[in-house]
Each structure stands twice: as structure tokens, then as C-alpha cells.
Amino acid sequence: MPLAHSLYALAAIFLIAFAGLSQAQAPVRSGGSLPVLGDTSELPASAERRLGDRIASSIYRDPDYLDDPVLGDYLQSIWQPLMTAARARGELGVELEERFAWEVMLIRNRTINAFALPGGYLGVHLGLIAVVESRDELASVLAHELSHVTQRHISRLMSKQSQQMPWVLAAMILGMMAASKNADAANAAIAGGQAIAVQNQLNFSRDMEREADRVGFGVMADAGFEKQGFATMFDKLQQASRLNDNGSYPYLRSHPLTTERIGDAKGRLQLEGPAPPSVSGEGGRARVVHAMMAARARVLGDASVDALRLLLAEAQRVPSSAAESLKPRDAGALYAGALAAARLREHTQARSLTDKLKTAAAGSPSMANALELLSLEIDIAAGRAAQAPKLVTGNSRAAVLLQSQADLAVGRPQDVSDRLQSWVSTHPKDAMAWQLLATAQGQQGQTLRAIRADAESRVAQLDYGAARDRFKAAQDLMRSGRDTGSGASAHIDGSIIDTRAREIDQLLREQALQEKLDR
Ligand SMILES: [Zn+2]
């Protein structure tokens, strides 16, 4: 399947691109143990962000890009403490924090991978979430990637070359992403002629990898995650590399495990002494919640009927007596089975598996929260949203969006408009929220507002051209006088649309100018 290749190819092209850039500079080592990463000159943060935006706007349009609010919230519950710790340690300065996107993108891909892109965008494959056994392990990978960004590794590599390089690099990455839709073409391009360059790059990147390990370890520990997660993640990667399992572990290709890295990791843990008691939430329950999220990643990663049937069969084998002292493994199997059953439209099965989990959720708010969302999801799929109780834990993104889907399904667009209008006022970059709002407003006959919300969802995903087309359509509609609105509210809607249309035009003009300069 070409999808499995596309982002792997993306990671690979980074290796190649950086190889070309770093050939001129040999890594410089200081006398101490800390690697000195060549020149300290950096690509300005604003230029790196522009490059990142270009790449991100393509990823948003890639069918492999996945906005799953439940997994998104879970990733954020790990990501935000890491950001806070990086800030407190001085790794993340004010300028970088303001300039960069700091966005974690979920990629529908079953291979194990995570990668940092320019401008503070991070990619996480579903396969990584599915395979790690704790939030601490996931935190160790995210902290490592975060540190690549805060240590400005990307910009340092790019800055040595001419001013054109950012543009050339973006073009290469985007071209490669397009080519990777045809897996053979992508592989041929990667294999062809660049092997030596990649080898040179790996020498250089070793120091960066060690720095990202060192900084990432500190960030993760300060954020309150179990340091042991760092070690067990390393063990996993080591095992995979021994098995030569590179096909399913593209992470190993971009992050080769060297004896230095392994030695550093072991030394660091010994230095730290025995691990303190877990602070990553509700003790053993955190493992159960993690197992459920990993299970979700498995279901979303392979929607084929055969795969869903297999997961359902596995869940049915979990003994019902297990509920009181539920093991993470069984919780994961039940969650995956329930979600798989819902997708297979076996709604009774889905509900009974969820009920089995609910018995075990007593006393664990995070587990109860996850199951409440799962129940609602199952009810929506079964066409039973009308009978579903309103969510109790209603202020997470997943809750807001899922409740809105439920309300839309049963014809309560007014509730959705009220909820989402207030949500997008504080989360203006939430494309999915804008889309749901557009649907609700459309159902209420508020055509102008619906078109505007649709346009804003395109802005949120950096597709300014599509946004401009929609704002223009809204303006045409206003001029034709065919819109249903009238009086003061129509006047306000109209002036918002005119203002936003002008702003987007301006953005597009600046973008065109910038592209000319970058060339
Ligand atoms: Zn790395």
C-alpha cells in the first residue's frame, strides 16, 4: 500500500536533504562529553516556520493525515507537560514558542515512527501509539523529537547552505511526498545515487541524536514521566533492530541505535538511581488507559473487515471475571473489540464489550472518561444518539466534538452552533470544529455563516487558496441579495466576511512574494 510509504519516504528525504547540506561541515567535538554540533548559526525561526507550513499544508491534504480527537487529546496530555518542562528548563525560549506551530500531527500508518518537521510540526504514526506499552514510553519518543526542534537541529543543518536552501528543501520534500504515492518511484529515488550522502549524514546526525536523547531525557523526567519509559523504549528499539525489523520500524532508520546512544542511556539511568514512584497518573490505571488508547490506534490503523473481525474475536475471549482486576492487556482487547464491533455494525456486541469495561472503570476518572466517549461513539454509529446521555465530562476537545456530532445526528443544530461558536473563539485553528459548525449552520439555513465557517476550516489547514474561493462565494451571495439574513446580524456577518476576505487576500499576496524571495 503506497500509504505506508509516504511518510517513511518523507523521513528518508530528510536524511538525504540534510546529507547534502551537511557534507561541507564535519562534526566538531569538544573535549567534554557534550557534543558540539558544528556551527551555531541558525536559520531564522520565521523562515523555518514558513518551510514547516508549506510541508504541513500538504500533510493536511494527505489522506493519511488523521484528526482523531480522542487520540489527539491523549497525545496532548503527554505533549503539554513536555512543553511545560522544556520551557521551565530554558530549552524552549519565548521567541521559538511564539514563532513555531507546536503541533502534533497524527498519521494513519501502522509502522513505528515519529518525526520532527521544520517549524515545530511533529508527526506520530498510529503504529507507534499501538506498540508502546505506557504513556512514559510515548513521552520518551515525543521528548526526543521535541528536543530536535528546541535544539534547532533542523535549522542548524539548513543554515550552512545558501539562502535558497529552505525553498529547495521544501520543494524536494513536497515532490517526494507526491512521488511516494507511487511507492516504487519513491523507493527508486531514495536508493538512487544518494547512498553516500546518507552515510555522511549519519555521522553528523549521531551527535544530534545523542543531544536529543540527553535533552529529551531531562525534559521527560522533569515533566513527571517515569524515566524507566526511556529505557524500555530503548529496549524495544534494540530488540527490533536485532530482528532487523526495519520495515515496520522506520524510526530505526532515521534514529539508528548506536552503541554510544545505548551506553549513554544506560549510564543516565544508573546516574539517576532507582525510579521514583509513578507520577503519570492514577498508578496502574494509567497503564489501563494507555492500553485502551493503543487499542484505538490499532483499530484506526487497519479498518479492513478481516482485521476488525480478528480484534472482535480476541475481545470475546477475555473472561468476564477479569473485570475487577482488569489487566491492561485485557482492557486493550475489550476496547479494540468494542470499537471494531461498532465499525462492523455489530452494535449489541459493541455495547456489551463496553459494559464489561465500565464495570472495571469505577474509581478511575480517566478510564471512565475514555469509556463515556467510546459509548457515545458507539451510540452515534448505531443511530442511537437520541437515547444517549449527554456527556458529563464535557470540556475536552474530544467531548466537545463528539457531543456536537451526536447533536447533529439527532437534529439539534442550534446546540451545536452555540457550543462550537464559543469553542472556535478560543480554538480558531480547529478545522474539524469549523467543519461541524458549518454543517450545523447549514442545517439552520444560515448560508453565509456556513460558508464562512467552511472557509475558516480551510484557513486552519493552511489552504488559503480554497479559503479565498469560499469567502468570494460568500461575497457574491451577499451581493446577489439571495441570502436569507437581514437586519443587524446580516450586516455584522457581511462585514466579518469582507474583513476576513481581505485578510486572506493579503496573506496570499505575502505568501506569493515570499516564495519569489525564497527562490
Ligand atoms: Zn532523533
Exercise for the section: Assuming a ≥ b ≥ c are the square roots of the Cα gyration tensor eigenvalues, decide whether segment 103-151 counts as rounded (a/c under 1.5), prolate (otherwise, with a/b larger than b/c) or oblate. Expected result: oblate
Practice task
Counting other beta carbons within 10 Å of each Cβ, put Ser46, Ser404 in order, fewest first.
Solution key: Ser46, Ser404
Handout entry: Extension gain, Thr232 back to Val410 (0.36 nm per residue minus Cα-Cα distance, nm)
Key = 59.5 nm
Handout entry: Note, ³J(HN,Hα) from phi for segment 418-426, Karplus 6.51, -1.76, 1.60, rounded to Hz, x at Gly and Pro
Key = 4, 5, 7, 4, 6, 5, 5, 5, 9
Problem - Approximate spin-label separation Ser57-His347, in nm, with each point projected 7 Å along Cα-to-Cβ - result: 4.2 nm
Exercise for the section: Within segment 76-115, which residues have the backbone N less than 13 Å from the label spot 7 Å out from Ala303 along Cα→beta-carbon, could you tell me? Expected result: 108-109
Problem - Rounded, prolate or oblate (a/c below 1.5 giving rounded, otherwise prolate when a/b exceeds b/c) for segment 37-123 by Cα gyration tensor - result: oblate
Practice task
Indicate the gyration tensor shape class of segment 375-519 (rounded, prolate or oblate), computed on the Cα atoms with a ≥ b ≥ c the square roots of the eigenvalues: a/c under 1.5 is rounded; otherwise a/b larger than b/c is prolate and the rest oblate.
Solution key: oblate
Exercise for the section: Would you kindly state how much longer the chain becomes between Ser325 and Arg89 on full extension, computed as 0.36 nm times their sequence separation minus their alpha carbon distance, in nm to one decimal? Expected result: 81.1 nm
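No value in this document is a laboratory result; all are computed from the given coordinates. Bear in mind the structure is a predicted one, so any value in this text is a computation, not a measurement. We place every Cβ from the backbone using ideal geometry, glycine too, and count neighbours over all the protein chains shown.
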